[in-house]
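Below is one structure, written out as structure tokens; comments come after it.
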Amino acid sequence: MLLGEFEYLMLTAAARLGDEAYGAAIRQEIEDATGTPCSIGALYTTLDRLENKGLIKTWMGDPTPERGGRPKRMVRVTPTGVDAATSFYNAVRRVSRGVVWAKS
Amino acid sequence: MGEVMRCNGSVLADLASTLLEPHERDVVRGDLAECGVNGWRACLEVLGLVARRQAALWADWRPWLALVGVVLPIGVLLSHASRSWADSTALDISLYVRLWEWSYLQYPGWRHELFWSFESIALSAAALSVWSWTCGYMLASVSRRTVWVTAIVLALVVFLATLGTSTVARITHDKFAGHFYGVVLPRLFRAAFVMLPVLWGIYSRRKGVIRPTMLFAGAALVITLTVLKSPGLENSLVWGRGLYGHAGPDRTFGTSDDPRPLWPVALVMLWPTAYILATAMPNRQRRLDA
């Protein structure tokens, strides 16, 4: 199963954040990496899609004061998700061999 | 001014978030608060998520069944019937308002006519209400999460399906009365005897399933009113679209020998009732077996 590009970005952001991976943090990681805004709509619909595919697990985390006492949706990448992200990354590396933007 | 605009956007974002599931509502609002997104941007973000969630729901067959099987056909019939019966009600009301004299009540003929006018208006209102209630109940049964979208489409169909058509009953003796009876009263009819019962039907379904005794009594009421009002329903389609029916062998409209080629439309009005009965019966049997 080959991921979509946004799905790969989300899996990578969640893997990098580890135990601190949740909606707002993943969104910030993606915005920092891509330099473009990430909408809440795209974020949560993609989280649902990844969870339906078994690539992540989500659960409700504890509320915090900076969130107005509202809970977080925590995210953890599953082993299947790691395999899918690895496949995508390797595919991008293989197909990018020798192209001009991959040399820099 | 900027602060006021931001507050308005945040209020709208909170309102829009009520369209999300409860567990997601808190999470999304928390994320936006943590990221410092407020005002109109927060509102747009929430609306974007709501739109995506709704679009995903319409990938299922149930909302389409509700739209094509209930909203469109029944909405068109309710639109024509409500406009037609509002017009005939307007005729009666305007006559009594203009010609009323308390002394007329001593005459049996006047009392008889008054009673039949009242009965006609009451039966029309009751038929519209029960048809609309069953429609709302069925919409909420078939697809709970898209019920507000289908209800809005139903409202549009009810209020707009008769655009470009007219009826033969128009009161034009003065501008105020002409506007009230020709424009305002049909809309009041539709609001009071169609949309309010639809909303009540939706609310009733969300509260829970109807009790069996109420179910059968309600079905009997719907069937009785449908039988009584089906000639009027058919006439609202014929006359309401500027067509003219056949007068039958006696060459007089409105008598029992008039042909009724549109009689099956009454069955369309009974379709939500049949659905409610059919889906309630297995639940009842399961409860009895348990």
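The values are calculated or read from the model by the stated rules, or taken from the named source; none is laboratory data. Please read all numbers here as calculations on a predicted model, not as lab measurements. Please note: Cβ atoms are built from the backbone with ideal geometry, for glycine as well, and neighbour counts cover all protein chains shown.
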Checking A:Asp32, A:Asp19 in turn, the sole residue that is more than 27 Å from B:Leu20 (Cα to Cα) and either in a helix (DSSP H, G or I) or of a type outside the set (Gly, Ala, Ser) (or both) turns out to be A:Asp32
Those residues of region B:14-31 that are within 9 Å of chain A (Cβ to nearest Cβ), within 17 Å of B:Ala55 (Cα to Cα) and among the hydrophobic types (A, V, I, L, M, F, W, C) come to a total of 0
Here, helices (runs of 4 or more DSSP H) confined to region B:19-100 with at least 1 residues that are within 26 Å of the chain's Cα centre (by Cα) and touching a residue at least 40 places away in the same chain (Cβ under 8 Å) are B:39-57, B:62-65, B:72-99
How many residues of region A:69-91 are closer than 18 Å to A:Ala13 by Cβ, assigned to a strand (DSSP E or B) and within 14 Å of chain B (Cβ to nearest Cβ)? The answer is 3
If you go through B:Leu78, B:Leu105, B:Leu44, the only one that is aliphatic (A, V, I, L, M) and within 11 Å of chain A (Cβ to nearest Cβ) is B:Leu44
For this session: Please work out if A:Leu50 is modelled with pLDDT of 95 or more and either surrounded by fewer than 22 Cβ atoms within 10 Å (Cβ to Cβ) or out of contact with any Cys (no Cβ under 8 Å at 6 or more places or on another chain) (or both).
Result: yes
If we keep only residues of region B:41-88 that are polar (S, T, N, Q) and buried (at least 17 other Cβ atoms within 10 Å of the Cβ), then the residue modelled with the lowest pLDDT is B:Ser88
Of the residues in region A:1-39 that are crowded, with 16+ Cβ neighbours inside 10 Å and of a type in the set (Asp, Glu), the one that is nearest to the other protein chains (Cβ to nearest Cβ) is A:Glu29
| Can we say B:Gly242 is closer than 17 Å to B:Ser79 by Cβ and at pLDDT 80 or above? | no
Going through (1) away from chain B (no Cβ under 14 Å); (2) more than 18 Å from B:Cys35 (Cβ to Cβ); (3) not aliphatic (A, V, I, L, M) one by one, A:Trp59 fails only at (1)
From the option list B:Leu12, B:Leu32, single residue qualifying as surrounded by 20 or more Cβ atoms within 10 Å (Cβ to Cβ) and either among the acidic types (Asp, Glu) or over 23 Å from B:Leu196 (Cα atoms) (or both) is B:Leu32
- Message: Please verify whether B:Phe176 is at pLDDT below 70 and assigned to a helix (DSSP H, G or I), treating the condition exactly as stated.
- Response: yes
### Residue check for A:Ala42: part of a helix (DSSP H, G or I), of a type outside the set (Ser, Thr, Tyr), away from chain B (no Cβ under 14 Å) and surrounded by 13 or more Cβ atoms within 10 Å (Cβ to Cβ)
no
